[in-house]
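Below: the structure, in structure tokens.
The values are calculated or read from the model by the stated rules, or taken from the named source; none is laboratory data. Note that this is a predicted model, so its numbers are computed, not measured. Ideal geometry is used to build each Cβ from the backbone, glycine not excepted, and the neighbour counts take in all protein chains shown.
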Amino acid sequence: MVTDIAGDVRDTCLSLTRKQPDPRVFAAMREVPRHEFIPDDVRPDAYENRPLAIGYGQTISQPYIVGIMTALMAVRPDAVVLEIGTGSGYQAAILSRMVRQVYTTEIIEPLARSAAKRLRELGYSNIEVRHADGYYGWKEHAPYDAIIVTAAASHIPPSLVAQLKPGGVMIIPVGGGFAVQQLVLVTRLPNGGVTTRQVLPVLFVPLTGSH
């Protein structure tokens with residue numbers, strides 16, 4: 001699976017005039033067992049390059065998209081990362097192999113509980129899961145070196161931008177729910193402003209919550 005998607009991930013990163021993706025991305029994807037993060041009935045499809053249903057109307061992302069989003073954050077080993085939308089915990093597990101600490105929020109309580117239990121049992125000790133509305137981030141642990149949002153927002157949440165360090169990046173799908181969105185790379189500037197760059201069209205479930 002990883003071999004199949006590695007070339008596409010590299011080509012996408014280079015098309016954005018970014019460096020070759022960190023080889024740690026592919027090492028983490030080889031190390032983390034995707035089949036442990038999906039329901040039994042779809043385990044035969046665990047290593048296909050497509051999203052899979054995990055219940056509650058949610059999905060585990062296509063491995064190519066996981067690779068792209070992880071690579072574009074270009075995180076360092078000492079980074080602290082916030083994930084919005086824990087889902088099954090797979091993306092958090094990938095990140096945990098590359099950074100110092102991952103904080104992740106999930107608005108659907110049963111998914112938050114099951115992901116926390118799964119990650120604990122699999123030994124991912126540098127991940128903390130919280131049941132919360134991710135639109136507002138997790139202010140207690142801010143600022144973050146990077147933020148990854150795994151559900152589509154209608155706009156870039158100001159609360160998340162505010163929780164980025166200067167020079168920090170956020171990768172987020174932006175657009176209407178259940179329609180084609182744009183994966184956007186957001187960089188927070190030292191003066192507090194932001195730059196944005198569209199990466200590619202994607203299709204994510206919508207970001208839900210009180211906002």
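All of 140, 121 fail the test of being modelled with pLDDT of 95 or more, among the charged types (D, E, K, R) and within 21 Å of residue 32 (Cα to Cα), apart from 121. Within the stretch 61-85, residues that are in contact (Cβ under 8 Å) with a residue 12 or more places away in the chain and under 14 Å from residue 100 (Cα atoms) have Cβ atoms under 7 Å from residues that are aromatic (Phe, Trp, Tyr) and not in a helix (DSSP H, G or I) in these pairs: 80/144; 81/144; 82/103; 82/138; 82/144, counting only partners at least 6 apart in sequence or on another chain.
In the stretch 151-168 there is at least one residue that is within 25 Å of residue 35 (Cα to Cα) and either crowded, with 18+ Cβ neighbours inside 10 Å or in contact with a helix residue (DSSP H, G or I) (Cβ under 9 Å, 6 or more places away or on another chain) (or both).
Assess whether residue 120 counts as being among the charged types (D, E, K, R) and farther than 25 Å from residue 97 by Cα. So residue 120 fails the test.
Within the stretch 127-140, the set of residues being surrounded by 15 or more Cβ atoms within 10 Å (Cβ to Cβ) and not hydroxyl-bearing (Ser, Thr, Tyr) comprises 127, 128, 129, 130, 131, 132, 133, 134, 137, 138. Pairs meeting the criteria (first residue in the stretch 32-53 and acidic (Asp, Glu), second residue modelled with pLDDT under 95 and in a helix (DSSP H, G or I), beta carbons under 6 Å, at least 6 apart or on different chains) are lacking. For the stretch 134-165, taking the residues that are in contact with a Lys or Arg (Cβ under 7 Å, 6 or more places away or on another chain) and of a type in the set (Phe, Trp, Tyr), the one that is nearest to residue 75 (Cα to Cα) is identified as 144.
Contact annotation: residue pairs with Cβ atoms under 8 Å, 6 or more positions apart or on different chains, pairing a residue in the stretch 162-173 that is free of Cβ contacts under 8 Å to residues at least 24 places away in the same chain with a partner that is in a strand (DSSP E or B) and surrounded by 21 or more Cβ atoms within 10 Å (Cβ to Cβ), are 165/144; 165/145; 165/188; 167/188. Is it the case that the stretch 65-72 has a residue that's at negative phi and more than 13 Å from the chain's Cα centre (by Cα)? No, every residue in the stretch 65-72 fails to be at negative phi and more than 13 Å from the chain's Cα centre (by Cα).
Within the stretch 113-129, the set of residues being farther than 10 Å from residue 81 by Cα and either touching a residue at least 60 places away in the same chain (Cβ under 8 Å) or under 15 Å from the mean Cα position of the chain (by Cα) (or both) comprises 115, 118, 122, 128, 129.
Residue by residue, here is whether (1) assigned to a helix (DSSP H, G or I); (2) among the β-branched types (Val, Ile, Thr) holds:
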{"site": "75", "(1), (2)": "no, yes"}
{"site": "81", "(1), (2)": "no, yes"}
{"site": "93", "(1), (2)": "yes, no"}
{"site": "99", "(1), (2)": "no, yes"}
{"site": "104", "(1), (2)": "no, yes"}
{"site": "117", "(1), (2)": "yes, no"}
{"site": "147", "(1), (2)": "no, yes"}
{"site": "156", "(1), (2)": "no, yes"}
{"site": "168", "(1), (2)": "no, no"}
